[in-house]
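Let me begin by presenting the structure, written as structure tokens, before commenting on it.
The values are calculated or read from the model by the stated rules, or taken from the named source; none is laboratory data. If you're wondering where the values come from, they're calculated on a predicted model, not measured in any experiment. Reconstructed Cβ throughout: ideal geometry from the backbone, glycine too, with neighbour counts over all protein chains shown. Only protein heavy atoms, including side chains, enter the accessible area calculation; ligands, DNA and RNA are left aside. Shrake-Rupley method; radii C 1.70, N 1.55, O 1.52, S 1.80 Å.
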Amino acid sequence: MSPSRTPAPAPALAEVLEVVEQLWPLHLQEPWDASGLVTGRPEQPVRRVLLAVDPVAEVVAEAVTGGHDLLLTHHPLLLRGVTSVAADRFKGAVVHELVENRCALLTCHTNADSAPGGVSDAVARAAGLTTTAPLVPHPADPAAGLGRVGELPEPVPLRELAERLARAVPATAHGVRVAGDPDAPVRRVAVCGGAGDSLFAEVRAAGADVYVTADLRHHPASEAREAATGPGGSGTPHLVDLSHFASEWLWLPAAAAALREALAARGHDVEVVVSERRTDPWDFRLETPGPTAGGTA
């Protein structure tokens, strides 16, 4: 008989935080952000970790019922200041559920957006980019920063790029929206996971043929296309608009693997899994047939 294998010791939450800091350093977060530890004792052991985009009630329930010691989400729970976490309010109820079941909550938001191997790198990989640079380099680390830009190995039609991304992201009611000639060749691609309509100036400066992001609002998108197709415009960038949730979900499998491997390098065998819950807020979409003949607009 072979000798029984001694289980690897579980790391304390404090050690997991050290590993997370190496992967997605907190100093990379934007000044307005609220990434970091929300609940949890530094000394508590961590044997199971669940990753998700949103710290909503159904994800917290999944973490608790699954016996996870740590829930790591992309979006913060308490982004804006609160004066109460009473359990008769939805955020307070989440905090109580976590604390009462000894499940820590850690959020990695814009630090994970900017860090190498983070959210925008995941979107870039899904688009087919292999070498990229930040759209907005971080002052403390030029290799990090918001967004990414790079070139595909060869030009592809805009429709093909959009279809490639549609196959990569989780299904949502939002789907994938595209602005531009579907047959237009695109090679230089800019991406930004999550809401990226604040980076249009950087996208144009980078000479991108297409911009892949999420949450594009009417006016910024309309003005970007008007600038592209109006006097002096080159016709680019075309736009590919993903669901906010879907664009950021792309990071989770890579993040889980990175965290698992980094903890294993320290001698810890920690189960790290990705939530299967779709937390995009929209449930369904109707195609609009438009007004009938003789009807009023």
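Miscellaneous remarks
- Matching entry among P231, P182 (being under 23 Å from R148 (Cα atoms) and open to solvent by 10 Å² or more (accessible area, probe 1.4 Å)): P182
- Hits in region 187-224 - residues which are part of a helix (DSSP H, G or I), open to solvent by 10 Å² or more (accessible area, probe 1.4 Å) and free of Cβ contacts under 8 Å to residues at least 60 places away in the same chain: F200, A201, R204, A205, H218, H219, P220, A221, S222, E223
- If you go through region 95-118 and pick out every residue that is more than 30 Å from D141 (Cα to Cα) and open to solvent by less than 10 Å² (accessible area, probe 1.4 Å), you end up with 2.
- Meets criteria (assigned to a strand (DSSP E or B) and either open to solvent by less than 40 Å² (accessible area, probe 1.4 Å) or touching a Phe, Trp or Tyr at 6+ places or on another chain (Cβ under 7 Å) (or both)) for A122: no
- Boolean, P134 is of a type outside the set (A, V, I, L, M), out of contact with any Phe, Trp or Tyr (no Cβ under 8 Å at 6 or more places or on another chain), in contact (Cβ under 8 Å) with a residue 24 or more places away in the chain and closer than 23 Å to L26 by Cβ: no
- The residue list D241, D280 contains one member that is open to solvent by less than 20 Å² (accessible area, probe 1.4 Å), of a type outside the set (A, V, I, L, M, F, W, C) and assigned to a loop (DSSP other than H, G, I, E, B), which is D280.
- Check on L263, open to solvent by less than 20 Å² (accessible area, probe 1.4 Å) and either farther than 23 Å from Q22 by Cβ or at pLDDT 95 or above (or both): yes
- For region 167-179, the candidate set comprises residues that are open to solvent by 50 Å² or more (accessible area, probe 1.4 Å) and more than 17 Å from the chain's Cα centre (by Cα); within that set, the residue that is nearest to E151 (Cα to Cα) is V178.
- Cβ-Cβ under 6 Å pairs, at least 6 apart or on other chains, region 145-167 side farther than 17 Å from D183 by Cβ, far side of a type in the set (K, R): E151/R187; E151/R188
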